[in-house]
Structures are given as C-alpha cells and as structure tokens.
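Laboratory data are not the source of any read-out in this text; all were calculated from the coordinates shown. Everything numeric here is computed off the predicted structure, so don't read it as measured data. Ideal geometry is used to build each Cβ from the backbone, glycine not excepted, and the neighbour counts take in all protein chains shown.
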Amino acid sequence: MPYREPIAEDVAFFEQHGWLVVEDAIELEDLKLVSANLEVILQKKHKLAYDWAWEKGASREERAFKIVQGSPTFVWPAIAETRFRRWMISFGSALMNTEVEFWYDQFLAKPPRDGAPTYWHQDEGYWGRNLIDRGITCWMPLHDVDERNGCMHFIDRGHRDGVLEHRQPEHIQSDLLLCEPDVARMVSCPIRAGSVTFHHGKTPHMTPANTSDSWRRAVTTHMRKIGSLGEGDHYPWKVYVNQRTGERIVPPSR
Ligand SMILES: O=C(O)CCC(=O)C(=O)O
C-alpha cells in the first residue's frame, strides 16, 4: 500500500545494513506526474543538465550525456509540495532516528545502450565533513529497474566502514568520484516502479550502465539532519566543476 508508515523492522534493518528497499511505496499516478514534469530536462539537457560522466577530451559542446544530471526542484518547484516528498522526509527521519529535512534532489538519466556506470561511491565522499552520519538518500526510479538498466547496488553494512578514500576516474572531466569497497558484500536491488531505496550517507553504492533499449530515469532525494550548518570542509579528493562555464577547481593538495 503506497505511503505506508515505517515499522520497527524497517528501522532495525536500516540501522544494521545501511540501506533499505521499500516496495510499492509511491503511487504510480504520482510517478507519472514526476516523469511528465521532468522530461524537459532531457529535452533541453544542454541547457538544464550537467553530464555527470563528461569525459576528458570532449569539449562542453561535445558532452555525450551518458549520465544526465538535472535538478527536479529547479524545473518543477511544486515537487516540494508532493505527497512523496513529505513521505520521504518522514520515512527518512524514522530510519535515521532524528528529524531530517530536504536538502537537494537530482534527476539522473542514462541513455539506452550507451549509458555510463555510476561508480561505487559514498554520498559522504562528495559532501563536507559536517554531514558525517547526518545524511540519508531516497532513490526513486521512474519505472522498473534491474541490472540491465541501472538498478541500485549497495555494500551491505558499508555504513560502518568509515569514509573510504575516493578518487576521480582518469578519463572523467566532471566531478564524478569512485571508491573501491568490499564488493563481496554487494547487494543488487532490482525493484518495480513505485518502489524506492534508502541509503545512509556512508553506504557505498553504484548503478551499472544502462544496456537496455530505453532511457533509465530516476530521482534521488538527499536529506540531512535539521540544524546541519553548511557542509564544512571537504575531503581532499573533492573536485568542483561548473559545467556552465567549464571551470574546474581541484584542491591544491592533489
Ligand atoms: O542513479 C544513479 O545512477 C546513482 C544515484 C546515486 O548515486 C544516489 O542516489 O546517491
């Protein structure tokens, strides 16, 4: 039944494993509304999106957009008033055992057959040190997902492994990062439209390239503990890339 309350088993599972699948969480009507309102990001990706897998050697104009990264909130501010947004915040608060608030969202789409993997990473690897153990993410695909079209994969109990060292893939020009977790503990989460996953800010996760014949579309919602003051200082591997100007800032220590 959509928009169900969290139960004690959800909270205990998340605490132990660092991730959770909630089946049939979202009304399919609401998913349709999301798809309709976010399609503009794909239609106008050169203007409204970044290419999260922008490769070195390609100019801004030549970006292949193997991972389209846009802002749902920017193109559709009314997303803030949706039932699913309110539900994610209250469900996420229960899982984190503290009140969390909406922080930012992303529309992440991978083209048919030619998508890029979203490499293993921890969200905390991207965030500043103020977010340690304060962030949780809800990932909502807009259709059925499995290994072929880029479903979510987690490292079970990886939220207990600390922040792993991250680096940039050699061939990447965007701010994409990767780490190398213990893949023996990998869990793949194929889910149906309407289901979502939650993960702790320290849980390593990845999605494979999309090898199917249709676009893979997902919305990810990042939430943080209320009262988190800014991001604080960043890890030395953090890279800032402004894809509107092409400006790329790499911390001096690297
Ligand atoms: O959708 C993807 O490819 C990756 C999503 C992700 O890394 C996240 O939601 O934190």
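Each principal axis of the Cα cloud of region 10-249 was evaluated for its coordinate range; sorted largest first, these ranges are 47, 42, 36 Å. When peptides 56-65, 151-160 are ranked by their average number of other Cβ atoms within 10 Å per residue, the highest-first order is 151-160, 56-65. Helical runs assigned H by DSSP (4 residues or longer) give the chain a calculated mean residue ellipticity at 222 nm of -5500 deg cm²/dmol, each run adding -39500 (n - 2.57) before division by the residue total. For the pair Arg185 and Glu81 in one chain, pulling the backbone fully straight at 0.36 nm per residue adds 33.7 nm over the alpha carbon distance. Please find, in a Gaussian network model of the chain (springs between Cα atoms separated by less than 10 Å), the residue of Leu108, Leu42, Leu229 whose mean-square fluctuation is greatest. Of the options given, Leu229 has the highest mean-square fluctuation. A straight chain from Arg160 to Arg248 at 0.36 nm per residue would run longer than the Cα-Cα distance by 28.5 nm. Dipole of region 10-249 computed with +1 at Lys/Arg Cβ and -1 at Asp/Glu Cβ about the Cα centre; of Val40, Ile191, Ala25, farthest Cα towards the positive end is Val40. Here the spin labels are modelled as points 7 Å beyond Cα on the Cα-Cβ line, and at Arg167 and Arg148 they lie 3.5 nm apart. Pairs to check: Lys32/Lys225; Lys202/Lys238; Lys110/Lys225; Lys47/Lys238; Lys45/Lys238. Give those whose C-alpha atoms are more than 18 Å from each other in this structure. Too far apart for the 18 Å limit: Lys32/Lys225; Lys110/Lys225; Lys47/Lys238; Lys45/Lys238. Return, ordered by residue number, the residues of region 221-254 whose backbone nitrogen is under 20 Å from a label point located 7 Å along Cα→Cβ of Val11. So the set is 223-227.
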